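Chemist: Quick one: structure below, then a few questions.
Taken together, the values in this text are just the output of simple stated rules run on the coordinates, not laboratory data. Since we're looking at a predicted model, the values are computed, not measured.
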Amino acid sequence: MCQNLGALAARARGKRIGRPIVAVDAVEVARLRAQGASWREIAQELGVGATTARRAFSKLGKGPGEIPSSSRTL
């Protein structure tokens, strides 16, 4: 319990704890993916990690019928 006192005090002062949130344009990821870009290429283009790009794409909520076949493979 004593180990978290510093973190609790920081939060009480309004400090954010943990990784910063990265904003990714999921529509841009989908557009690049539809053009045949790889996850690595998309990530490099947008300045984020490949997993972050994939996560943004998956949050679009599209069903498998709406995603071009080239986009289904990782």
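Chemist: How much length is gained if the chain between E41 and R13 is pulled fully straight, taking 0.36 nm per residue apart and subtracting their Cα-Cα distance, in nm to one decimal? Could you put the intermediate results ahead of the total?
Modeler: On the way: separation 28, 0.36 × 28 = 10.08 nm, distance 4.00 nm.
Going from the current span to full extension adds 6.1 nm.
Chemist: So if each residue of separation counts as 0.36 nm, and I subtract the Cα-Cα distance between A34 and A50, what length gain in nm does that give? The partial results should precede the final answer.
Modeler: On the way: separation 16, 0.36 × 16 = 5.76 nm, distance 1.58 nm.
Once the chain is fully extended between A34 and A50, it gains 4.2 nm.
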